[in-house]
Structure formats: C-alpha cells, structure tokens
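Below is one structure, written out as structure tokens, with a few remarks after it.
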Amino acid sequence: MASVHESLYFNPMLTNGVVHANVFGVRDWVTPHKMALLVLLSELGRAGAQLGLLERRRLNRLLLPLLQGPDMALSRLRKAIEECCPHLAGSVHIRLKLMAEGELKDMEQFFDDLSDSFSGTEPEVHKTSVVGLFLRHMILAYNKLSFSQVYKLYTALQQYFQKDEKKDGADENEMELTNPEELDGKMEKEELDGPLREEEIACSGPLSQKQAEYFLSQQASLLKNDETKALTPASLQKELNNLLKFNPDFAEAHYLSYLNSLRVQDVFSSTHSLLHYFDRLILTGAESKSNGDEGYGRSLRYAALNLAALHCRFGHYQQAELALQEAIRIAQESNDHVCLQHCLSWLYILEQKIFDSCVLLEHSVNKSLHFGLPYLASLGIQSLVQQRAFAGKAANKLMDALKDSDLLHWKHSLSELIDISIAQKTAIWRLYGRSTMALQQAQTLLSMNSLEAVNVGVQQNNTESFAVVLCHLAELHAEQGYFAAASEILKHLKERFPPNSQHAQLWMLFDQKIQFERAMNDGRYHVADSLVAGITALNSIEGVYRKAIVLKAQNQMSEAHKLLQKLLIHCQKIKNTEMVISVLLSIAELYWRSSCHTIALPVLLQALALAREYSLQYLASETVLNLAFSQLILGIPEQALNILHMAIEPVLAHGAVLDKGCAMFLVAKCQVASAASYSPQKKIEALESAILNLNEAKTYFAKVDCKEQLRDVLYFQARLFHTLGKTQERNKCAMLFRQLHQELPAHGVPLINAFK
C-alpha cells in the first residue's frame, strides 16, 4: 500500500513546478549565443507578413525555451530554426556571417539598430513582453560593457561562428562516407524537443541568473513529474556544483542538491545540502524580506522539520524525534499553526512506529480543516483509512471516508492526492481479496490525465501512486496466468522508473515475487531458492516466508517449521495480520504432510477467526478450503462438501488461477470420497461430475504451467476412468501422466496429503 505521507516534505522550491529563486549574484550578460537570438528576433521582425501563420506559430513556440535556456552551439540553433522556417534560418546565418567576418563597427551598428524595434506608434515589440524584456536586458548589458569587453565579445562571436563552420565542414566529409539512413537516424537523436541534455549544459559555461532559475525550475519539475527525463544524479550534481562555485550562497541550488541526493539514498549528502539550504536562506535575508521579522525563526523551524522528515525517511527515528521536538518548540514560540500541523503529522508517523494510535491523526485532521489546510487534512484522512483497513474495518465505511477526501481533492484541484486516493482504493480492495474491484480502480487511475501543467514530452504521472497501481496490475495479470502481459507491464515500469529512481524498489519486489511463483509452479525449486535472496533484500518478511515455502516444497519439514514459527512470532508482534494468516496456513500444511491432521485443525480455526475479524474475505475463503481438506483427510467428505459451497464462490470470482484449480481439484476429491456410500447409479453420476471438475482444474493448472498439479489431476482422472470402464480415456490420461512424471521428480508424499 502506498505511503500517503511521502508528500509531507516542506518543499519551498516547488509551487506547481516553479522555482522561486530570488538570490543569485551573477548578472545577465551578452554572449555569442544571445547575439544569435537577437539576430533571429531582428530577422523575424523584418520578415513580417512574409511568414506564414504556421511558421510564425512554430517560431513563437521555439522562442521561449531558447530565451530561457542555457547557451547552445550555433549548429543546434540553426537546426532548430530550420525545422520551423528554413528561409529564416538562412537569413540568420548570413547576418551572423557578415557580422563575424566584418568589423567591430558592424556589431556596434547592430546593437544601435535594436532600439528601433521599440520606436513608432505601432512598435514591432512591446517593451513589457517577454521578447521586449529580453531585448532591453541585452541592450542595457551591452551598453555597460567597456571597450575591452566589447572587443572580447566580438572575438568570442568570431570563434562561435568559426566553430560552427568547422563542424559543418567535418559533417560534409562524414556525409560522403556515411549511409543516408544512418545520417537521418543521427539527426533524429538531436531533436530540440524535450529537456536539456547533459552535453548541452556541460559546454554552455556559467549560467546567468535567469538561465540558472530556468535550469533549476526545469530539473525540479522533472524530478517531481518525470524523473527519467531529468539529468542523471551524477550529472545534475556536477552542474549544481558549478552553479555553487560561482555563488555559494545560492540557496535553491542547495535544495535541489538535497532532492538529488535523496534520489540515490545518500544520507550524508542530503543532510549536508539541506542544512546548507536553510543556512544560506538565513544569511541572504531572503526569508526576512518576504516574512518580516519572522523570517529567521521560520527558516529555523522548517529546517528542523525537514531534518526530522529526512531522518524518518532513512529510518533514524530517534534523531527524527529530537529534530521534531525542536521544530515544535520553535513553532510554539512563534505561534506558527501551519508548521505545528506539519509537525503533528510527522509526530503521528513516528508514534506509529511504536504503537498504533488514531488519536493524534484524528486531532491532526480536525486542526488542518480548522486552519484551512486541505492538503494535510486529506493526507490525514488517507492515513486514517489505511490504519483502519489494517484494523479490519468494513470496506463500505472506508470507501465513504475516501469519498469525503475526494471531495476535498476535486474542490482544491489536488491532483497528486487524487492519484494517491485511487491507489489507496486499489490496495484496499487487494487487501480484502476483491481483485475485480482492484483492477477497476487501477484502470481508472491509468486512464486519468494529470491536472498539473507540465512540459510537452514529459510523462505526467511518474509518481509513487502510479508505480503502486502498475505493480498491482502486473501481479493481477500474473495471477490469472497472463505472464506475457505482466512482463510487458513490468517492462514499462522499468522504463518509467529506472533502477536508480526512488520508486524502483516497488517493481523490483513484484518482479521477484512473480518470478518466484512461476518457478514454484514449474517445480524449479532451485531457481525459486535463488530468488529468495533478492526478495529478502527488498522485504525481509516476504523473503523469510518464501524461504519457508521452498523448504516445505523440498520436504525439509523441520527447517521450514522452525522458520515459520519465528516468522509467526515476529508478525504477531508487528501486527501484520495478513502474513500471520498465510504463515498459519503454511504451518497447517506442514502438519498434514507429517500426518498430524488433528493438530492442523486448531491452527486453521485460529487463521479463520483472524481472517473474519479483520474482514480479509479471500484469506477466509482460502482457510475454509483448507478446513474442508482437513475434514476430507479425517474421513468426513460430506461435511467437507457442505463447507466448500460456502468458500468456493469468492475464490472462483476473485481468486488466482492456481487457487481456482486447487479448489476444483478439492471438490472432485470430496465428490469421489463421498460417492463410496452411494448407490451404483448415483455413484457413476458423482464420478462423472468429479471428472468434469477435474477437467476444469486441469485447464486452470495448464494456464499457469503448474506441472506438478497437472500430474496429480491426470493420475486422479486415469483412476476414475478406470473405475468407469472407459479404457481409451484412461490410457490417454495415463500417457500424459507418464510424460509429466518423467519430467518431474517424485514427491515421496502421498497424493491426498497436499491441498496445493
């Protein structure tokens, strides 16, 4: 189930993906790249009505990222302009060539002519427009240059143009030796669409204030919405270090460094960057300017709160509690109710690690609503629903509570929390064993579009909620035997959440679990055993449980029993009811295999009581099937058939294909055992009905490639056909049984002593 408090980190940089950077010591200056943009704007004004509507629209869309982004090579700029308007690209190139190969006075005249764009009753450019502000900044920056600086700028322009000419010459030579198809492939890779690439930023030199702000806002937005499009952690850190080298007091760069360190789970670097961020925020006086005398104290209390959140994220609960106490103390002194509500939410998370308490959470929700904090109130409701789902509350009451939180989401356009709410519903239906409802909720989330505005080409929903839903979807497909579809979903997850991303552990765990189940179904226990280590690294409880399952399958009963008993005590201690029931069912199966059938009954009854108490319907149905199997072993098949009718419907409606096959196989066993006391005619009808059920079970087992169960079904069918005198059908089943028996090792355990 998704962690609904992941978004509680105080993030002063991100407001709808925009970075508020108001401190940067490097001024805006004229560069050869910006002169090329000025030439483009000049030629655009000259072209006027000659440009078509479509070409002008493309150029307008191109201008904003060019004006805001870092400097780029002239060849790349020309290629971008050519895609919009080839004629204009040629004019820009000729104008730059005349200026670079001419004299210094040509550049002087060019800047003098730029001022004419604002003259007249209907000027070409308005002074307050984006283009107008850019032109005015460049004219002012040029006018402030000394003669030596003007000469250096002119020399830089010549080098900028000559470098492009040399590259064109090299490209022409390469074209003669290169296949045209290969060349087209290279050009496609150099499209301007999408975020900045690493090599572009690396060669662009120091960034101006506006370029730095744009770079930070873009990378922060990508880290939030689509981490795969952002720079790699190493490259981003390198660029941030370059920014901080020119201005160590650039607070927002320290905060982005903190977010980048969190991507790779680097405790030291993330703590270091977070502390530097708040130190620089206080030193620059940015907080004091915007918040008056409270700015200094505000930075301190939010610094302590973020530090508590950071320690909690890495599992350092004692340090987190100390930092949280400091934040609460400062917030109380300043009477900051918003900060106190954030502290209360994190206090609940820390208390939850020690004991379950709804008091803090309910108080947090009420206070958040009182102070007009819908985001925190909704997170509190979602956490309360999650806690009560684990406590076994009825599903209808939980869905009503989530409906109330959804009203808050839509009212305040909280897109991220809408996603979390749907992912929460998916996980709750999975917990209660309603796979159909879980599938419906998963499809709902996947078909939704985000309410947040993001750049073109950026995935809108690369959040934890989508990772959780896609993982559930992959598992649901695998349970129904659609392994190819599950593999496609996991492949998509790997592309969307690379191994170094923060949510990659989710799909890694599900991938390992699906591979484990396939190996167990196929009887490849050595492969399943090799996967246990990977599962344990991601989830220790799941890993230990699956190790016990492998030991049980290998007939190492005593080792499996010891492991399950230890796991049972641990799960009871941490109140993981779902795993407790699964462990109890595995222990009962060990007792069957050891011919201790009467000892298995109290264990199963304990599991059934827990499943019903916590409203885990599917686990309750599975437990009833195990009880029916126990009654069959104890010689009361009629009673077993009666209780099977209670449990088999939920299994067939919502269960995995393997469970459906096991249920139908058990029904057939009970029918055959009950037929012993029937009249001859009625006995024949019962055996024919059992054969039909075995055919259905065989279909289910074949779907998940469960060869061991198929072998058992074929053996059972051959015996029934022999009893009914159907020699041809018996021989066919016997032949198929022999083929499977030669492929698989023998159990050494009687057929009747295994439910699954």
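The values are calculated or read from the model by the stated rules, or taken from the named source; none is laboratory data. These numbers were taken from a predicted model, which means no experiment stands behind them. Heads up, the Cβs are rebuilt from the backbone with ideal geometry, glycines too, and the neighbour counts pull from every protein chain shown. For the accessible areas, the whole protein counts, side chains as well, though only heavy atoms, and no ligand, DNA or RNA atoms are used. Shrake-Rupley method; radii C 1.70, N 1.55, O 1.52, S 1.80 Å.
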Sparsely packed trypsin sites (Lys or Arg not before Pro) within segment 562-651, loop by DSSP, other Cβ within 10 Å at most 13: LYS575
Simple label model, 7 Å out from Cα along Cβ direction - LYS682 to ILE94, nm: 10.4 nm
Approximate spin-label separation SER115-GLU55, in nm, with each point projected 7 Å along Cα-to-Cβ: 3.2 nm
Residue-level accessible surface for LEU506, protein heavy atoms, 1.4 Å, Å²: 50 Å²
Potential lengthening between THR436 and GLU103 on full extension [0.36 nm per residue; Cα-Cα distance subtracted]: 112.3 nm
Accessible area (Å², per residue) of segment 474-525, counting only protein heavy atoms and a probe of 1.4 Å: 45 Å²
Spacing of the two label points (7 Å from each Cα toward its C-beta) at ASN695 and GLN728, in nm: 1.4 nm
Net length gained if the chain between LEU744 and HIS272 were fully extended (0.36 nm per residue, minus Cα distance): 164.2 nm
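Please work out the FRET efficiency for the pair ALA401 and LYS491, using the Cβ-Cβ distance as r and a Förster radius of 25 Å; give the result to the nearest 0.05.
0.10
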Phi to ³J(HN,Hα) by Karplus 6.51 cos²θ - 1.76 cosθ + 1.60 over segment 690-701, Hz, x for Gly, Pro: 5, 5, 4, 5, 5, 4, 5, 4, 4, 4, 4, 5
Residues VAL264 and HIS363, FRET efficiency given R0 of 35 Å [Cβ-Cβ distance, rounded to 0.05]: 0.45
Carbon + sulfur, % of accessible area of segment 515-595 - ligands and nucleic acids excluded, 1.4 Å: 52 percent
Solvent-accessible area per residue for segment 352-405 (1.4 angstrom probe, square angstrom): 50 Å²
Neighbour cut-off at most 11 other Cβ (10 Å), DSSP loop, trypsin sites (Lys or Arg not before Pro), segment 352-413: LYS353
Paramagnetic label zone (point 7 Å from Cα along Cα-to-C-beta, CYS596; backbone N under 14 Å) in segment 543-573: 557-566
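Need the full-extension length gain, SER558 to MET646, defined as separation in residues times 0.36 nm minus the C-alpha distance. One decimal, nm. If you can, show how the numbers build up before the last one.
Working: separation 88, 0.36 × 88 = 31.68 nm, distance 3.34 nm.
Extending this stretch completely gives an extra 28.3 nm.
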